[in-house]
1. Give me the pairs, please: first residue somewhere in region 89-107 and on the phi > 0 side of the Ramachandran plot, second residue anywhere and part of a helix (DSSP H, G or I) and at pLDDT 95 or above, beta-carbon distance under 8 Å, and either six or more positions apart or on two chains.
2. Picking from LYS176, LYS160, which residue would you name as being out of contact with any Gly (no Cβ under 6 Å at 6 or more places or on another chain) and either surrounded by fewer than 20 Cβ atoms within 10 Å (Cβ to Cβ) or outside the structural domain of TYR230 (by TED's automatic domain parsing) (or both)?
3. Using the structure shown, decide if TYR302 is of a type in the set (Phe, Trp, Tyr) and touching a Leu at 6+ places or on another chain (Cβ under 7 Å).
4. Of the residues that sit in region 77-101 and are surrounded by 17 or more Cβ atoms within 10 Å (Cβ to Cβ) and among the hydrophobic types (A, V, I, L, M, F, W, C), which one is nearest to GLU116 (Cα to Cα)?
5. State the number of residues belonging to region 212-226 that are surrounded by fewer than 16 Cβ atoms within 10 Å (Cβ to Cβ) and within 17 Å of ARG314 (Cα to Cα).
6. Kindly list the number of the only condition in (1) surrounded by 15 or more Cβ atoms within 10 Å (Cβ to Cβ); (2) part of a loop (DSSP other than H, G, I, E, B) that fails for TYR230.
7. Please verify whether region 334-342 includes one or more residues that are at pLDDT below 95 and basic (Lys, Arg).
Amino acid sequence: MNAIQKIDIIKFLELSESIPIADVRSPSEFKTGHIPGAVNIPLFDDNERALVGTKYKKEGRLPAILEGLKHSGPAMVSKLEQGLMTAQSGKIMVHCWRGGMRSEAMAWLFSLGDLEVFLLEGGYKSYRRFIPENLSLKRKMIVLGGMTGSSKSRILSYLKTRGEQIIDLEQLANHKGSAFGALGQLPQPSNEQFGNMLFTTLWNLKNEKPCWVEDESRNIGSVFMPGEFYQNMQTMPVIEIVMDLKLRLPTLMEEYAQYPPESLSEAVRKISKRLGGDNTRDALNAIESGDLKKAIEIVLWYYDKAYNFGLKKRDSKNIIFVNLDSDNLEINAAKVLAAADGIKW
């Protein structure tokens, strides 16, 4: 049986790049939020956890342990098998909520299987406490702005292939940030999990190099950017793409033509109060008649107006305007990179 090594959050994060993580909390706890990449090997299911917790509060530690053994004992073989399958090179990291009995019990079990076990002191709670501290750090960021349909996401993806550091906020949120943003997307993560994924992305970046993000409002669909990170974004230089409507329309038509009219109409109704009665009616009629171009033009009137309003809140000295008169991705990305070269940090 190998010894169990207790480690702090910094060491845990360093080792997580090469050693798998077993999150031994209940399935509902894991679903609410977990360390990206972790595997859920719960000591108790949700009902069992509630029973043990009640026993602990009413009768104390030993009765809770005995209650836990009633439920977990028969399943120990399968839990060890899961641990052995999860481990790489005979090593595994373990945590529960606070680094208490659940993680200690599972760490002991895994050590019986001759695994080298690293136990996170303070558990998942210490991880969650560490995130705001890290997100509040000032980092070099370049915000790529532009009206809807300016190909910001495509440009950022291209820049990533050229070695630039990218934080794809919309990909993390499973949402494109508008009333139409949920179309074709997986369900959104919880706010907690979004924060976890954002932190992991940042943790893996090199601080000496700037990272690129797309200009977003604080909420992306139903999730919200952590306040510390969002406030930092607002102070960073913005490269603002200026692209004529006629160049933006084809991209948007190609993107949204794949969705059924019913889904597009539902999205229009979500912003009906802001569009106004006449515009909403005209956009819905255009969708129904198959005139997607007209529908997009009507909706863009609202989004362009809202975007310009938000842009005016930024410090104009931090904005670099880049005029794009082509839909050529390589040419446009080159212009954006050239603008970034002029940023004084």
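1. Going by the 8 Å Cβ cut-off, the qualifying pairs are GLY99/GLY123; GLY99/LYS125; GLY99/SER126.
2. After ruling out the rest, the residue left standing is LYS160.
3. Spelling it out, TYR302 is indeed of a type in the set (Phe, Trp, Tyr) and touching a Leu at 6+ places or on another chain (Cβ under 7 Å).
4. The selected residue is ILE92.
5. Result for region 212-226: 2.
6. Unmet condition: (2).
7. no
Let's see how each residue does on (1) at pLDDT below 95; (2) within 30 Å of SER89 (Cβ to Cβ); (3) hydroxyl-bearing (Ser, Thr, Tyr); (4) in contact with a strand residue (DSSP E or B) (Cβ under 7 Å, 6 or more places away or on another chain):
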{"position": "GLU121", "(1), (2), (3), (4)": "no, yes, no, yes"}
{"position": "TYR124", "(1), (2), (3), (4)": "no, yes, yes, yes"}
{"position": "ARG128", "(1), (2), (3), (4)": "no, yes, no, no"}
{"position": "LEU135", "(1), (2), (3), (4)": "yes, no, no, no"}
{"position": "GLY145", "(1), (2), (3), (4)": "no, no, no, yes"}
{"position": "LEU156", "(1), (2), (3), (4)": "no, no, no, yes"}
{"position": "GLU164", "(1), (2), (3), (4)": "no, no, no, yes"}
{"position": "ASP168", "(1), (2), (3), (4)": "no, no, no, no"}
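The values are calculated or read from the model by the stated rules, or taken from the named source; none is laboratory data. Treat the numbers as computed from the prediction; the structure is a model and nothing was measured. All Cβ positions, glycine included, derive from the backbone under ideal geometry; neighbour counts span all protein chains shown.
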